[in-house]
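*Asks:* The structure under discussion is supplied below as structure tokens; questions concerning it will follow.
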Amino acid sequence: MNPCLDFIGIGIGPSNLSIAALGSEIEGFNCKFLERKSQFSWHPGMILAECSMQTSFLKDLVTAVSPTNPFSFLNYLVKRKKFYRFLTTEQRTVSREEFADYLNWAATGLDSLVFNQDVQRVEFDSQQRQYVVTTQNQVFYAKHVCVGIGKKVKLPDCVTEQNAQCFHASEMMFRQPNLSGKRVAIVGGGQKRSRSVP
């Protein structure tokens, strides 16, 4: 039987990655973060050329809570030997591609992340006062659970399936449609919508 952990995160996106990075500094904090994918990825279909983040690089995984944490964006720049280039260009925002690389860098440095773990069930054992988290091949126990599985793609009811002519913006880079000289309708709003327009 696995020991009871302090914390289990279900899903490894920026939110749970942030908790993992911050938790790595807490002595004796026993945690695991479970992800069904085989490796970390952050919006791989949305890393469009010359597309920048709309938030400050200081809104990274850790800086607001722990500015000296080794998983800060500034430390990433130092470790990747990009700090002086970044400093001299006086950037206030970073590209989505750079931020995705930062998140991947952080994920590779955290030993609390466990991939290829598809969570099947979460139950609370009231006698033991702990959560029982069951994956396809293991059972974990924890005092606390945080679900960070991200948003589900929402398509209009009239779209029964995605295809080459009709798809969600999160798949833009996988499909790479040739839109030159074509009439295009974009449904919805937000950054994904605006970044989809060439």
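*Asks:* Could you please find all residues in the range 1-34 being within 22 Å of the chain's Cα centre (by Cα), in a loop (DSSP other than H, G, I, E, B) and of a type in the set (A, V, I, L, M)?
*Replies:* Within the range 1-34, 12, 26 qualify.
*Asks:* Please work out if residue 93 is assigned by TED's automatic domain parsing to the domain that holds residue 19, at pLDDT below 95, more than 22 Å from residue 25 (Cα to Cα) and among the hydroxyl-bearing types (Ser, Thr, Tyr). Walk me through how you get there before you give the answer.
*Replies:* On the way: assigned by TED's automatic domain parsing to the domain that holds residue 19: yes; at pLDDT below 95: yes; more than 22 Å from residue 25 (Cα to Cα): yes; among the hydroxyl-bearing types (Ser, Thr, Tyr): yes.
When the stated conditions are applied, residue 93 passes them.
*Asks:* Looking at the structure I just gave you, is residue 121 within 15 Å of residue 11 (Cα to Cα) and charged (D, E, K, R)? Don't jump to the end; show me each part of the working.
*Replies:* Details: within 15 Å of residue 11 (Cα to Cα): yes; charged (D, E, K, R): yes.
Considered against the rule, which asks whether it is within 15 Å of residue 11 (Cα to Cα) and charged (D, E, K, R), residue 121 comes out as yes.
*Asks:* Any residue at all in the range 58-72 that is in a loop (DSSP other than H, G, I, E, B), touching a strand residue (DSSP E or B) at 6+ places or on another chain (Cβ under 7 Å), free of Cβ contacts under 8 Å to residues at least 24 places away in the same chain and in the same structural domain as residue 107 (by TED's automatic domain parsing)? Spell out how you get there, then give the answer.
*Replies:* Taking the range 58-72 and keeping what is in a loop (DSSP other than H, G, I, E, B), we get 58-72.
Pick out the ones that are also touching a strand residue (DSSP E or B) at 6+ places or on another chain (Cβ under 7 Å) and you get none.
No: zero hits.
*Asks:* Whether any residue in the range 100-111 is buried (at least 19 other Cβ atoms within 10 Å of the Cβ), over 27 Å from residue 43 (Cα atoms) and modelled with pLDDT of 95 or more is what I want to check.
*Replies:* No, there is no match, as no residue in the range 100-111 is buried (at least 19 other Cβ atoms within 10 Å of the Cβ), over 27 Å from residue 43 (Cα atoms) and modelled with pLDDT of 95 or more.
*Asks:* How do the pairs read when you match residues in the range 18-44 that are crowded, with 19+ Cβ neighbours inside 10 Å with residues anywhere that are at pLDDT 95 or above and of a type in the set (D, E, K, R), using Cβ under 7 Å and keeping only pairs 6 or more apart or on different chains?
*Replies:* Between residues of the range 18-44 that are crowded, with 19+ Cβ neighbours inside 10 Å and residues that are at pLDDT 95 or above and of a type in the set (D, E, K, R), the close pairs are 31/6.
*Asks:* Could you tell me whether residue 62 is touching a helix residue (DSSP H, G or I) at 6+ places or on another chain (Cβ under 6 Å) and either of a type in the set (Val, Ile, Thr) or more than 25 Å from residue 97 (Cβ to Cβ) (or both)? Before you say what the answer is, go through the steps one by one.
*Replies:* Values: touching a helix residue (DSSP H, G or I) at 6+ places or on another chain (Cβ under 6 Å): yes; either of a type in the set (Val, Ile, Thr) or more than 25 Å from residue 97 (Cβ to Cβ) (or both): yes.
Considered against the rule, which asks whether it is touching a helix residue (DSSP H, G or I) at 6+ places or on another chain (Cβ under 6 Å) and either of a type in the set (Val, Ile, Thr) or more than 25 Å from residue 97 (Cβ to Cβ) (or both), residue 62 comes out as yes.
The values are calculated or read from the model by the stated rules, or taken from the named source; none is laboratory data. All figures in this text were calculated on a predicted structure; none of them were measured in a lab. Positions of Cβ are generated from backbone atoms using ideal geometry, with glycine treated the same way; all protein chains shown enter the neighbour counts.
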